1. Please give the contour-minus-distance gain from C:A347 to C:Q361: 0.36 nm per residue of separation, less the Cα-Cα distance, rounded to one decimal in nm.
2. Each residue of the stretch A:99-114 in turn: what ³J(HN,Hα) in whole Hz from Karplus with 6.51, -1.76, 1.60 and θ = phi - 60°, glycine and Pro shown as x?
3. Along the stretch B:89-101, what does the Karplus equation 6.51 cos²θ - 1.76 cosθ + 1.60 (θ = phi - 60°) give for ³J(HN,Hα), rounded to whole Hz, x for Gly and Pro?
4. Within 10 Å of each Cβ in A:221-234, how many Cβ atoms from other chains are there, averaged over the peptide?
5. If you line up the long axis of helix B:280-297 against the longest principal axis of chain B, both from Cα atoms, how many degrees apart are they, to the nearest 10?
6. Okay, which of the stretch C:65-107 sit inside 18 Å, backbone N to the point 7 Å along the Cα-Cβ direction of A:T277?
7. Which of rounded, prolate, oblate describes chain A, given a ≥ b ≥ c as roots of the alpha-carbon gyration tensor eigenvalues and a/c under 1.5 marking rounded, otherwise prolate only if a/b is larger than b/c?
8. How many partner chain Cβ atoms sit within 10 Å of a residue's Cβ in peptide A:118-131, on average, as a whole number?
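Nothing in this text is a laboratory measurement; each read-out follows from the coordinates by a stated rule. Everything numeric in this text was worked out from a predicted model, so none of it was measured. Here the Cβ is made from the backbone with ideal geometry for all residues, glycine too, and neighbour counts use every protein chain on show.
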Amino acid sequence: MSHRDTFLHLSVIAVLFAAFFVLPAYHSGSLARIMVLAIYAMGYNLAFGYTGLLSLGHALFFAAGMYGLGLTMQLGGWAAIPAFALALVASLVVAGVVGVLALRTRGVGFMIVTLMFAQAGYLTALYFVQYTRGDEGFVIDQAARAIGPADLSSEAGRYFAALFLFAVTLLVIGALVRAPFGRTLIAIRENEARATMLGYDVQRLKWIALVVSGTISGAAGAAYALLFGYAGASFAGVQYSIFPLLYVLLGGAGTTLGPLIGAIFMFYLIDLSSGITNAYMLIAGVVLVLLTMFLPHGILGTLRKRALPWLP
Amino acid sequence: MEFGPHLMLAMLEGAVTAAILALTAMGLSVVFGVMRVVNVAHGEFYMLGAVIAWFVAATLGTHPAVGFVAALVIAPLLVGALASLADVLILQRINYDPERTIVATIGLLYILQQGTLMTFGPDARPVEPPFNHRLALPWVEWGEQGLALYWPWGLSITSYKLFVIVAAAAILGALWLFMTRTRAGLVMRATQQDSNMARAFGIPVARVYALVFGLGAALAAMGAVLIVPIQQAHYLMGHDPLLLSFIVVIIGGLGSLPGTIIAAILIGMSDGIISVFFSPTLAKILATLAVAMVLVFRPQGLLGKKAA
Amino acid sequence: MTRKTLLKPDYSRRKAIRTMGLGAGALAASTALPRFVQAQSAAPIKIGFQVHRTGIGASYGRWYDRTTTAVVKRINDAGGINGRPIEIIAEDDGTDAKRGAEVIEKFATQSKCDIAFGTLFSHVVIGSAPRAGELKLPYFVVSEGHHVASGMLNRYTLQPGITDVKSQVQAMAPYVANNLGKKVTMIYADFAFGHDHRDYFSAAVEAQGGEVVAKIAIPPTETSFTKYFPQIPRETEVVYHVMVGPAVLTFVKEMGEFFGPSSPEIFGFIDSLEAVDIASPGLEFLEGSYFWEGMPRYAQADQTDYEKEYRDAVGVDANGASVTDSKDVSTYAHMFGCWETMNIIKAGMEACDYQGPEQRQALIEAVEAMSDMPAGIDHPQGPKRFNGKTHQTFGVQYISKVEGGKMNVVHTTSIEDTLYPDEVDYTTQSF
């Protein structure tokens, strides 16, 4: 059972590894970005897909990672690895504090509270404009974007760094959701009252799930800044909270590979339709509506329901 | 400006914001109260109301008052009809499943926004107010001869802004009469309390839902028609009203109509007043965090009942 | 697969890998490339145009698009560049930093553009420039941000066709302080560019013996402004405003209602009212106020022939609106940048006898070598002085007064007024 999951995950990683050598430059470059976004969505999926916490504020954690790395590298002159570590700590702390407060609410209240915290975070990034350059953002020096001899601003360096982080996240999440911890999260999602009755400390478990989720999202934000050389307040805006929700719902909430599928789908939906018409967001809107009507569990969720019940 | 007149000005401006917010949020609240769905496209219905108002006023091209009154009738009707159609075509088919509704309305948001960009264009378009006079306001102070009246520099409001406050209150009053005194309102309230029971008593719940969804959108459109002579019609204008309406509905207690109005006044006024004391962006940060904290420590909202 | 790649001029990472992997064969193929390119020398020069068709920049994007179309038509009608026509590959960036970077990648690696061009909003420029530099794609921005000259970007990013905010702002200070008043209150959007205005103008006006008595930053999400105006001190002689976004009309209108009949002098950046008709309802109070203009929107009494030719080519009437729709007002103070930048690209490509992407570095060096550019149909806004070290151009600025619902130029700065010491020397950076 669990072997099949691990095998599937390793196969996906192997395919992504090979893709770099097979795909044309444009698509392998895009895939590097998609993997970073998929990491973000995987983090989101842990909270939403597995634990049932519908957050509209994950951009706060993404931005905490992005600025945690960007500001320490650019203003503090830190090297990539310690800056990345600090970014993880920053997003962990932010997620920890937000979790303590926001988890007192549930349902729509939780949505709004997380949305408010993220909005406050966005405005904070604008407020400290002398450090963050606000909406304009800032460039992270190309020379600093390296780990030892590996140049992360080169196409290969970027791709394999993204793949490495993606692989680690996928394997960790794959193991996590199979472990008793992950099983309990699903139990909370399905019936919180029953989980409480069974003696689980539901509040604490939800908090841990949100903190892990936020930290992974922060890792994605830090990776974006490191690999693409830019940090700016637009990544802290509402729409970057909505993106991972879309990816997860499209790919399939509560599936390990759904976030990746969703991120690939959305990227190419916009990229291809923008080649046909200016109204690509119109097409994206129509596709979203159609998907919710005809593929309610997302791509992998529907596949799991109809054909492959073992899908992780 | 001195503190007193400044505070008064901020409160007057806050009252205008609160009036529009009350209308827009009421639309969201009615929909949530009756149908239990979160409509992310609500801000786009607001935007459509403003755009249609511009279109009506520009097409008629007569006296601004004629165009304005026509817009006040036509825009809510059109937007309401569109929303009802969306309800029948999309939301009914996904059974109002909470998560799917959010995604579907996000899709609807993109469709409406992009459709407007393609037809109406990217520019902000003004609508002329039916009337607009600057009214300088007096203030009192202790002078040498006791209490004296004087006219502080800049303390003023326009007649149209006062009209907006009155008109919003009138519309909300009419809504209250509709909900409490008419048969349609009774049916709505019955559906809100227990949709299964309502269905058992022969109420066409699907039709009620479509009408409620249309009514919610029409209220947002009315708010937009009132505000568009002050602000302008623009295809991205729906974003902030959506966020603010959300906040108001939650703070007021989900689905509680009086709560929504109280929360709208609170949020609208505080937005103006906090800006007197803090630097503007810091004020926004504090106001946002304050809203979050209210929800954290009183999750059921101000007037909501404690969840069972 | 291998065959196909060898035949196509592919300068990306894959070429490097193949060069390593295939050794001599690949080396022979790549040395044979110039001949291949020459064989196709009538093929168009592909220019990737990053355009704001959707998102907050759409008003500007539409006019950037029209201006670019007009200048490309003019160049192609006159025989193109080095005998080759220009082909514009336009792609919407949604006025978004992330999509902007993706679009740059698409230009470089998929549509194989020679260069990229045309971005306005600063966050899109800053988000895209690192990728342009890494992909070694010359990136000609038309943004008026100070990001290029500040040294934040890289050797592949240039701004030769529009002046930057720092030079514009400091050139305004002498006129404002000496003609309008010494005590200035600044009202600006709480955005990075608003802070640029605050910092550069404060310093410049103090150098003129003036003083900024209050600085009022307005949050970017604000839609109602009256509540901020009481912070304007009573002693204020000039209000300096610079706002952007769809709410600016409300801002100007509410400022008029606030002051009523007793208003100080008002000086604004036309950014506040680009694509907006000065004769809109509610803007009557702007009568008698002053604006910075990058290029005068209304045809002036002393209009030059080349200014008229440019105006006609883009399709703008004497009031700055579209010739087909008088309600469709242009972004006249900025869009000339597309026209001038494209002409500079042409001049640069001709100077280095540009044949294909392997000459991208030569193109940048050719542009870096440029300096003074006379006013004329290639530079209808006025004369320019390009600084090859900072990759930034400098030029005259206009101050106009609103009179009878039109803007009339009352002062033209010199180029010298706009100069400031270099903050970077990009020519020392390797390619």
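1. Values: separation 14, 0.36 × 14 = 5.04 nm, distance 1.48 nm.
In short, 3.6 nm is gained.
2. x, 4, 7, 5, 6, 6, 9, 8, x, 4, x, 4, 4, 6, 4, 5
3. These are the phi-based 3J(HN,Hα) values: 6, 10, 5, 4, 6, 9, 6, 6, 4, x, 5, 5, 4 Hz.
4. Average neighbour count from other chains, rounded to a whole number: 4.
5. Tilt relative to chain B: about 50 degrees.
6. Residues C:91-94 fall inside that zone.
7. In terms of gyration-tensor shape, rounded.
8. Working: counts 2, 10, 9, 2, 5, 13, 6, 0, 11, 9, 1, 9, 3, 0.
Average per residue, whole number: 6.
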